[in-house]
Amino acid sequence: MNKVSVIRGVAAPLERSNVDTDQIIPAVFLKRVTKTGFEDALFYAWRQDPEFVLNRAEFQNARVLIAGPDFGTGSSREHAVWALRDYGFDAVLSPRFGDIFRGNSGKQGLLSGEISEPDAAKLWAIIADRPGIEATVDLVERTVSVGDYSTTFKIDDYTRWRLLEGLDDISLTLRDEERITEFESHRASWRPRTLPVR
Amino acid sequence: MGRTLAEKVWDDHLVTKGTDGTPDLLYIDLHLVHEVTSPQAFDGLRLAGRPVRRPDLTIATEDHNTPTLAIDKPIADLTSRTQIETLRRNAVDFGIRLHSLGDIEQGIVHVVGPQLGLTVPGSTVVCGDSHTSTHGAFGAMAFGIGTSEVEHVLATQTLPLMPFKTMAITVDGDLRPGVTAKDIILAVIAKIGTGGGQGYVLEFRGSAIRSLTMDGRMTICNMSIEAGARAGMIAPDQITYDYLEGRPHAPQGAEWEAALEYWNTLVTDDDAVFDAEVHLDADELEPFVTWGTNPGQGVSLSEAVPDPASYPDQNDRAAAERALEYMALAAGTPMKDIPVDAVFMGSCTNSRIEDLRAFASIIKGQKKAEGVRVMVVPGSARVRIEAEAEGIDQIVKDFGAEWRFAGCSMCLGMNPDQLAPGERCASTSNRNFEGRQGKGGRTHLVSPLVAAATAIRGTLSSPWDLRTETVGGVAESGRKA
C-alpha cells in the first residue's frame, strides 16, 4: 500500500446525506474479478445526469470528496472504495461514515476523515463560491484547508499510522502467528467445523 | 462490573489485546464466502503465496449472481458466469468446501450457515457481506467485512478490530396478529435512523424478542446493519437450542452438553451497563412499510407519506425531498393507496421456511391482483424442498406467482431478476436504496404478510385489510407457534 501523508487537489462537494454503497457503485458492476478498473462505475446512476457535480468542468480531476453525513452506509462491497480510488479520489471527508466502508478505505489507502456538520456546510459554501478550488488534506496534522479556511478532521490513531506508513494488515498480524496458534490449541472441541462434510 | 453478551463473546475470542490505540486481534470461528466479494481476496493470497489457514472453518456458496430459473443451463451472463467459475476454481485450489448451484446445500450464505448448524451461540462469524449480522440471532458475534478483510481472515483466521460500543434495544409486550419480526426491525430503524447504530453492537432484548422463533430473530438481526450497526445479537435460549439440536454440524453427545454449559453463560449480566439503550413497545406496533430510499424512511402502513417540511433537520428534509422525487410519491398520500407493479418474496431477510409459510397462509386459495408480477424465491435449495413437501409451491403457482430456485435474486438484482425503470415493488428484502432492485426501480420494504396482502389487493396492504375470515387464519410469521 502506498504511503499517505498530505493530499492536495480539487475538492468536489457531494451535498447529499446517506450516500450508500449501492449509489457509490451499483451491484451490476460487482461481477468483475479484478481489483481495478472501476472508475466508470463510480456514482454510475447519478453520473448519467449532466448536472451531477462530477460532470461539471470545474470538478474534473477532483481528489478530495466532501460529502454529507452517513457516507458509505449499506453493503460491505469494497468495490466502493476501489471505485473512488480508481476515479482519482484520495480522501473523503464526511460528518459520519458507514463502519464497514471506513474500515475498507483504510485498507486501500483512501483517507476517510470525519468532519463536523457545520464544517461540511462551510466547505461546501467556500467551494460554491470558488468551484474548482483545491483542498489540502494533511494526515500528519489531521487538518483540511480550503482557501483561507482550515479545520480539523478525525481519524483513529491506528488507521492514521497505517496510512502514513503504508502498512499491510496481514503482514502485521502474521508477526503474532504464534499467538494465533496458541489460541487455536485451546479452542473448545465442540466448536463446529465445515470439514469433513456431514 | 458485569459484562454484556457482546463483551463476553468478544473477550472469549481475543488472541491479543490491543494497547495504546491498536486494535484487538479477534479469532474467527466461521468464515462464509460467496462469489462476489472473494475473487480479489483469493488473488491476493496467490500473489503472496499464502495458503488458507483454516479451510475447516470456511465454507462457500454461490448466491448473489446465480439465476433462479433454468439453473441446469450455463449462466447466460458472461461476467456472472466468470465470477462463479472463479469461485469454483478458488475453492479447488485452496481446499474450500463449496456448495454450487444445483447442490442441495446451495443457497443464500446467511440461510445456509444456520441451516447446517455451523452458526452456533458464542461464536464469531464473518463474511464479505453486510448481512452477516443475521447470525447474531444465535448469540454469535457476526458482522460483514470488506474484501481486504476476507483475505485477512483466509490468511490468518483472525481480524484486527477496535471494540464496538453496545446498545440495548428492548422490545417488550405482545405483537398483535399480523405484526411480525420484520415490522419490529423496520420500526427500530425508523426510530434510531440509518446512522443510529453506527459503532454499536445491538443486543435485542425483551419479551417480544424472546417470543420470536429463530427465523424471526434472524430477520431482526439481519437488518441491524440498516441501522448502521455492525452487528445485532440475541442471547441464546431454549428456542435457539431446539433449533440447533440435530443439525448436521451442531455439536453432538458429550460435545453438545459441553457446548450447552457454555452457551448458558451467554447472557448480559444484570449489572452490565450498555453504552446506549432504546425501548420499543410491541403492543403498539402495526405492519410497517418504507416510503423512501433508505430503510429508516418508514411509517406504519395506516399512515401517509410524510411531508419533508415536517423534518426539523436540514439533511433529513433534503433526503426526504430527494426520496419522494425518486419514489414518485406525493406527501400526504395514504400508504395504502399506493399501487405496486411487483411483489418480491425472498432475500436473506425473509426467505426461510416460516417466511414462506406465512406468505402462503395469506395467499392460499386466492388469486394475485391483475398486472402484478409476484416472485417467490426460497433462501436455499433445502428451504425450497421443504416448502415443496408442504405444498407451498403449488399454493404459490395457483395464486399466479412464480416459484423460483434459491438465491439472492431481486434483493439486489445482480442476476436477471430486476425491476424495470419506474417499476414499484413491495419487497421482503432489506434495502430500498435507489436502483437497488434494478436501475430506476422503486422499493417498499415490507414483511411477508404485507407482501402477500399487497399481492392480493395490488396496493400496499396489510393482512388486516383482507376479509375477516382470512385475518382469523393469519399465520404469525416469526412468532412462536
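The values are calculated or read from the model by the stated rules, or taken from the named source; none is laboratory data. Just so you know, these numbers come straight off a predicted model, no measurement behind them. Cβ coordinates were reconstructed from backbone atoms using ideal geometry, including for glycine residues, and neighbour counts include every protein chain displayed. Keep in mind that these areas ignore ligands, DNA and RNA; they rest on the heavy atoms of the full protein, side chains included. Shrake-Rupley method; radii C 1.70, N 1.55, O 1.52, S 1.80 Å.
Tabulated values for the structure
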{"quantity": "Every residue from the range B:247-260 that is surrounded by fewer than 18 Cβ atoms within 10 Å (Cβ to Cβ) and assigned to a loop (DSSP other than H, G, I, E, B)", "calculated": "B:Pro248, B:Gln252"}
{"quantity": "Residue in the range A:52-73 that is farthest from the other protein chains (Cβ to nearest Cβ), counting only those that are over 17 Å from A:Phe38 (Cβ atoms) and in a loop (DSSP other than H, G, I, E, B)", "calculated": "A:Asn61"}
{"quantity": "Residues that are farther than 26 Å from B:Lys336 by Cα and either surrounded by fewer than 24 Cβ atoms within 10 Å (Cβ to Cβ) or within 14 Å of chain A (Cβ to nearest Cβ) (or both), drawn from the range B:392-408", "calculated": "B:Asp393, B:Gln394, B:Trp403, B:Arg404, B:Phe405, B:Gly407, B:Cys408"}
{"quantity": "Sole residue being within 29 Å of B:Thr134 (Cβ to Cβ) and either touching a Cys at 6+ places or on another chain (Cβ under 6 Å) or free of Cβ contacts under 8 Å to residues at least 60 places away in the same chain (or both), chosen from B:Ala323, B:Ala331", "calculated": "B:Ala323"}
{"quantity": "Failed item, numbered, when B:Thr265 is tested on (1) of a type outside the set (A, V, I, L, M); (2) closer than 30 Å to A:Gly98 by Cα; (3) within 14 Å of chain A (Cβ to nearest Cβ); (4) touching a helix residue (DSSP H, G or I) at 6+ places or on another chain (Cβ under 8 Å)", "calculated": "(2)"}
{"quantity": "Verdict on B:Arg81 being more than 8 Å from every other protein chain (Cβ to nearest Cβ) and either surrounded by fewer than 24 Cβ atoms within 10 Å (Cβ to Cβ) or among the acidic types (Asp, Glu) (or both)", "calculated": "yes"}
{"quantity": "Test: residue in the range B:277-286 that is away from chain A (no Cβ under 14 Å), under 22 Å from the mean Cα position of the chain (by Cα) and part of a loop (DSSP other than H, G, I, E, B)", "calculated": "yes"}
{"quantity": "Answer from B:Asp56, B:Asp20 - the residue that is acidic (Asp, Glu) and either open to solvent by 40 Å² or more (accessible area, probe 1.4 Å) or more than 11 Å from every other protein chain (Cβ to nearest Cβ) (or both)", "calculated": "B:Asp20"}
{"quantity": "Candidates B:Ile96, B:Ile108 - the one that is closer than 17 Å to B:Thr37 by Cα, open to solvent by less than 20 Å² (accessible area, probe 1.4 Å) and facing another protein chain (nearest Cβ under 9 Å)", "calculated": "B:Ile96"}
{"quantity": "Residue count, the range A:74-97 (criterion: at the interface with chain B (Cβ under 9 Å from one of its Cβ atoms), in a helix (DSSP H, G or I) and open to solvent by 10 Å² or more (accessible area, probe 1.4 Å))", "calculated": "0"}
{"quantity": "Residues of the range B:192-221 classified as within 13 Å of chain A (Cβ to nearest Cβ), part of a helix (DSSP H, G or I) and either crowded, with 24+ Cβ neighbours inside 10 Å or out of contact with any strand residue (DSSP E or B) (no Cβ under 7 Å at 6 or more places or on another chain) (or both), total", "calculated": "0"}
{"quantity": "Residue in the range B:59-76 that is in contact (Cβ under 8 Å) with a residue 24 or more places away in the chain, among the hydroxyl-bearing types (Ser, Thr, Tyr) and part of a loop (DSSP other than H, G, I, E, B) present", "calculated": "yes"}
{"quantity": "Residue selected from the range B:312-325 under the condition surrounded by fewer than 18 Cβ atoms within 10 Å (Cβ to Cβ) and in a helix (DSSP H, G or I), by the criterion farthest from the chain's Cα centre (by Cα)", "calculated": "B:Gln314"}
{"quantity": "Residue list for the range B:365-382, restricted to those being open to solvent by 10 Å² or more (accessible area, probe 1.4 Å) and either touching a Phe, Trp or Tyr at 6+ places or on another chain (Cβ under 8 Å) or touching a residue at least 40 places away in the same chain (Cβ under 8 Å) (or both)", "calculated": "B:Gln366, B:Lys367, B:Lys368, B:Ala369, B:Glu370, B:Gly371, B:Ala381, B:Arg382"}
{"quantity": "Residue check, A:Glu15 surrounded by fewer than 17 Cβ atoms within 10 Å (Cβ to Cβ), at pLDDT 95 or above, farther than 20 Å from B:Ser38 by Cβ and away from every other protein chain (no Cβ under 12 Å)", "calculated": "no"}
{"quantity": "Contacts under 6 angstrom Cβ, first residue in the range B:288-299 being assigned to a loop (DSSP other than H, G, I, E, B), partner open to solvent by less than 20 Å² (accessible area, probe 1.4 Å) and among the charged types (D, E, K, R), 6 or more apart", "calculated": "B:Pro295/B:Glu226"}
{"quantity": "Of all residues in the range B:59-78 being open to solvent by less than 70 Å² (accessible area, probe 1.4 Å) and over 22 Å from the mean Cα position of the chain (by Cα), the one that is nearest to the other protein chains (Cβ to nearest Cβ)", "calculated": "B:Asp77"}
{"quantity": "Whichever residue in the range A:103-149 is touching a residue at least 24 places away in the same chain (Cβ under 8 Å), open to solvent by 30 Å² or more (accessible area, probe 1.4 Å) and β-branched (Val, Ile, Thr) and, among such residues, is farthest from A:Leu164 (Cα to Cα)", "calculated": "A:Thr136"}
{"quantity": "Residue within the range A:154-162 that is open to solvent by 20 Å² or more (accessible area, probe 1.4 Å) and away from every other protein chain (no Cβ under 12 Å) present", "calculated": "yes"}
{"quantity": "Selection count, the range B:416-460, where residues are touching a Ser or Thr at 6+ places or on another chain (Cβ under 6 Å), among the hydroxyl-bearing types (Ser, Thr, Tyr) and either surrounded by fewer than 24 Cβ atoms within 10 Å (Cβ to Cβ) or not in a loop (DSSP other than H, G, I, E, B) (or both)", "calculated": "3"}
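Yes/no per residue for (1) assigned to a helix (DSSP H, G or I); (2) open to solvent by less than 10 Å² (accessible area, probe 1.4 Å); (3) among the hydroxyl-bearing types (Ser, Thr, Tyr); (4) touching a residue at least 40 places away in the same chain (Cβ under 8 Å):
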| site | (1), (2), (3), (4) |
| --- | --- |
| B:Gly232 | no, yes, no, yes |
| B:Asp242 | yes, no, no, no |
| B:Tyr262 | yes, no, yes, yes |
| B:Ala272 | no, no, no, yes |
